[in-house]
Amino acid sequence: MRLISGSILVIGLPGIVFLPMTFIFGWQIGLIGAVVVLLFIAYGFFFGWRHVVVRETTCTSALLPSSFDGYRILQLSDIHLGTYLKSRKFIDRLVDKVNAQKVDLIVFTGDLVNVSAEEVIPFQHALAKLNAKDGIYSVMGNHDYCEYVSLDKKSPSSEGRKELVAKIAKNQNVLKYLEEKMGWHLLLNDHVEINREEDAIFLIGVENISRPPFQDYGDLKKAMDGLKEGTFKVLLSHDPSHWRRGVLHQTDIALTLSGHTHAGQVKIGNFSPSKWAYHEWGGKYTEGESMLNVSLGIGGTVPFRLGAWPEINVITLRKRGE
């Protein structure tokens, strides 16, 4: 995957620029254009993935209890720890930057690893230092099910398939254990109540709900079991397509937090290749009384970011008057 992605960026994009510019302006201008694109790509590979930014936004709702007015939620997403095995200080700096925001609650919206739970081990002590008054809560992303494992054979034998299934199950259990050991509270189609004085809001976490080719494990109905209508609810759901398919106009969830898209790890102005695959791919979206925030995430299986800088998202809750 890294080889294919890198080849497309290093060869494909400069080539796409070179050919039309050569046809219109001549090969010299075409070559200059291709070199400029190549320099931008080099920046993305060497520096762009380190350029972490903090993006702040506001969620305003009449359902929010008064005592939560000004409550700050920090969202992290798509860290993909396996990409930083040779750049561990990056995660240390990330933790420091998160803690410096001094928020009330930290949430993680999936894809902690690339392919294996073992990727967490070198970083567990650093990630355990994340701190927020009301704790850290997380959900599973498609990569966290550890199903993207290499096969020795394209069509494994029956015995090989059993071993693969057992390996996947073990990875999932180890990842869940490590998250809990770090002090993160993993929500698996469940919810928790967060209190302020006599008021409460509710944090809901579903397992991954996606369209093919991604697996679908989530159950929002189960996760919301026992919750009353008219209460302020925050949903953690890795794939933003879930918002339009199963949340918007179907529930009274006021705020949904997702990741998954990375904005294709390339963003130029308001354009990202993710637009071709996702209706909501990055930033804040509102419709009716519902809001979705799609984080561009921190990492990716390829250490590259251009324009779609790694981001920490801080969402401030505000009560809207009736």
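The values are calculated or read from the model by the stated rules, or taken from the named source; none is laboratory data. Because the structure is a prediction, the values reported are computed rather than measured. Ideal geometry is used to build each Cβ from the backbone, glycine not excepted, and the neighbour counts take in all protein chains shown. Protein only, heavy atoms only, side chains kept; ligands, DNA and RNA dropped before computing areas. Shrake-Rupley method; radii C 1.70, N 1.55, O 1.52, S 1.80 Å.
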In sequence order, calculated HN-Hα J values of the range 168-173 (Karplus, 6.51, -1.76, 1.60; Hz; x Gly/Pro): 4, 4, 5, 4, 4, 5
Cα gyration tensor category, rounded, prolate or oblate, for the range 84-231 with a/c compared to 1.5: oblate
Estimated distance in nm for a label pair at I121 and V165, the labels positioned 7 Å out from Cα along Cα-to-Cβ: 2.7 nm
Percent RCO, i.e. relative contact order, over the range 154-219, from Cα pairs under 8 Å lying at least 6 residues apart: 18 percent
Shape category assigned to the range 201-322 from the gyration tensor of Cα positions, a/c cut at 1.5: prolate
Per-residue HN-Hα couplings for the range 287-299 [Karplus 6.51, -1.76, 1.60; θ = phi - 60°; Hz; x = Gly/Pro]: 8, x, 9, 10, 10, 10, 10, 9, 6, 6, x, 9, x
The chain, dipole about Cα centre (Lys/Arg Cβ +1, Asp/Glu Cβ -1), debye to the nearest 20: 1040 debye
Carbon and sulfur %, accessible surface of the chain computed with the full protein complex present, 1.4 Å: 58 percent
Built amide H within the under 5 Å cut-off of I312, gap 5+: V53, V54, R55
Percent breakdown of C-alpha pair distances by 5 Å bin, ordered from the shortest bin, for the range 101-184: 3, 14, 21, 21, 15, 10, 6, 5, 3, 2, 0
J(HN,Hα) series, the range 240-249, from Karplus relation 6.51 cos²θ - 1.76 cosθ + 1.60, nearest Hz, glycine and proline x: x, 5, 5, 4, 6, 7, x, 10, 4, 6
Directionally averaged projected area (convex hull, Cα atoms, the range 66-111), nm²: 3.6 nm²
Beta bridges by DSSP in the chain, antiparallel share as percent, to the nearest 5: 35 percent
Sequence-distant residues sharing a close amide H with E280 (under 5 Å, placed H): none
Distance in nm between pseudo-label sites at E229 and D96 (7 Å out along the Cβ direction from Cα): 5.0 nm
Debye intensity ratio in log₁₀ form over the Cα atoms of the range 205-274, taken at each q of 0.13, 0.18, 0.22, 0.27 Å⁻¹: -0.43, -0.73, -0.97, -1.26
Overall dimensions of the chain by Cα: Rg and Dmax, Å: 20.9, 71
Viscosity 0.890 mPa s, temperature 25 °C, Stokes-Einstein D of the range 31-104 from Kirkwood C-alpha radius, µm²/s: 155 µm²/s
